Amino acid sequence: MGSKKNKLKRVVLWIVVVAISSAIIFFGNRFSADGLNIFVNGTGDNVRGNVVKIIGKETTENVGGSLGNYKTETIRFTAVISDGKDKGKQVMATQSLNNMYAGADTIREVKEGDRILLMEVNIPGTEKNEWKFMDYYRMDKIFMLAGAFALLLVLLGGIKGINTIVSLGFTFGFVFFVFVPWIMNGYNVYLGVIGTCLFTIVMTLLLINGATKKSFVTMAGCASGTIVAAGVTYIMNYFLHLSGFIDEHSVYLTMVNPNKPVDLVAIVFAAIIIGALGAIMDVAMDISSSLYELSEHVPDISFKKLVSSGMRIGSDIMGTMANTLVLAYIGSSLCSVMLLITYSASIDVLLNRELVIVEILQALTGSVAILLTAPLTVLISGMVYIKKKGR
């Protein structure tokens, strides 16, 4: 009877969390995206299409000029538009390739059956338009991989796997439909980060583990680690004299909303905190779950022994998670760092570039947050799990 009652409570809680999370994202988007124009392209219409037939190729040689000698190859083909107002219409289009840059030969020519993105542009000096190849349509392959990932989650994780998929969907929805428009509309980035972290932590843990002591201990551990990361980032932003102009994209961001310009330093803060949040949640959950199981299987364990065991578990987790963060940041900015190495006059110039400093700051801040999340979660676990037994 008690088991059925607990299951019913879990189901009710799941429905409530899903309903509230959906409402937060829906109304949050209505507020944060109010008056914001995104995905507006003034140069033409972008549509998907399927390549039907390759008509032919033309090669032209460009001799002299500031860019040197290079060849441009124009591939003419027909394609059927697969979305938009012209869906089903067959059009003539072109793809232009050149060998101006080393490695340009890796760009593949279109072939029959390819799914692509097309753009309709005006022919200079005329009132006519033409269709040009923009890029390959790749999201169908990504959806297939995401589907395989979701299937594995369900097969290996069962109900928790399904809950993980739902929580990932809500996290994605909040970040891209609430937090990003919030920033682009010029609202306070720091408040947006706090809201994103709170939403992600509470929603994820309630969906996956329910309203249990383990969940609340994990929430407290996550909150403590996130506060540490925020504090370190805020202090270091001041001492490092960061401007937020880490690359050319930062410059473009300042032009998105001239009336309410984006706070670039706050963007750096947000990137570091959100980047570290996942690792912080992992560490807090691993330790909280391990100590919960230990306290359940060894009912007479003392606070001191539980904390001692937790610290040993935490020390094993810290190293791998810190490595995970550092490697993730290195991998995400590898091309940019290689370019900076090539064009930097000295090691001092390289290491003091804002892009490199921010990457190092991300890795170190995340690692410090992980290091302190572990003992803080251990102490919280000891107080909650042992207090439960009246000792």
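Just one residue in the set L277, L294, L240 is in the same structural domain as G382 (by TED's automatic domain parsing), surrounded by fewer than 18 Cβ atoms within 10 Å (Cβ to Cβ) and closer than 26 Å to G319 by Cβ; that residue is L294. Screening the candidates K160, K213 for the property of being surrounded by fewer than 16 Cβ atoms within 10 Å (Cβ to Cβ) and of a type in the set (K, R) yields one hit, K160. Residues in the range 315-335 that are closer than 17 Å to A271 by Cα and of a type in the set (S, T, Y): 4 in all.
Residues that are assigned to a helix (DSSP H, G or I), in contact with a Phe, Trp or Tyr (Cβ under 9 Å, 6 or more places away or on another chain) and farther than 13 Å from S21 by Cβ within the range 197-219 comprise K213, K214, V217, listed in sequence order. For beta carbons closer than 6 Å, sequence separation of 6+ or different chains, a first residue in the range 291-316 that is of a type in the set (F, W, Y) and a second that is in a helix (DSSP H, G or I) and at pLDDT 85 or above, the qualifying pairs are Y292/K214; F303/G382.
Selection of first residues in the range 1-30 that are small (G, A, S) and of second residues that are assigned to a helix (DSSP H, G or I), restricted to Cβ pairs under 6 Å at least 6 apart or on distinct chains, gives the following pairs, ordered by first then second residue: S21/F170; S21/M203; G28/V178.
For the range 263-286, what are the residues that are of a type in the set (D, E, K, R), assigned to a helix (DSSP H, G or I) and over 12 Å from A369 (Cβ atoms)? Within the range 263-286, just D286 meets the criteria.
Residue check: is G195 in contact with a helix residue (DSSP H, G or I) (Cβ under 7 Å, 6 or more places away or on another chain) and crowded, with 17+ Cβ neighbours inside 10 Å? Answer is no for this residue. Applying the selection to the range 216-237, what residues are buried (at least 16 other Cβ atoms within 10 Å of the Cβ), more than 24 Å from the chain's Cα centre (by Cα) and β-branched (V, I, T)? Passing the criteria: only V217. Do the conditions hold for N188, that is, is it over 18 Å from the mean Cα position of the chain (by Cα) and within 22 Å of S21 (Cα to Cα)? Judged against the criteria, N188 is a match.
Restricted to the range 287-307, and to residues that are of a type outside the set (S, T, Y) and part of a loop (DSSP other than H, G, I, E, B), which residue is farthest from V175 (Cα to Cα)? The qualifying residue farthest from V175 (Cα to Cα) is D300. Looking only at the range 326-360, count every residue that is in a helix (DSSP H, G or I) and within 20 Å of E248 (Cβ to Cβ) and tell me the total. Summing the residues that are in a helix (DSSP H, G or I) and within 20 Å of E248 (Cβ to Cβ) in the range 326-360 gives 20.
The values are calculated or read from the model by the stated rules, or taken from the named source; none is laboratory data. These numbers were taken from a predicted model, which means no experiment stands behind them. So basically every Cβ, Gly included, is an ideal-geometry build from the backbone, and we count neighbours across all protein chains shown.
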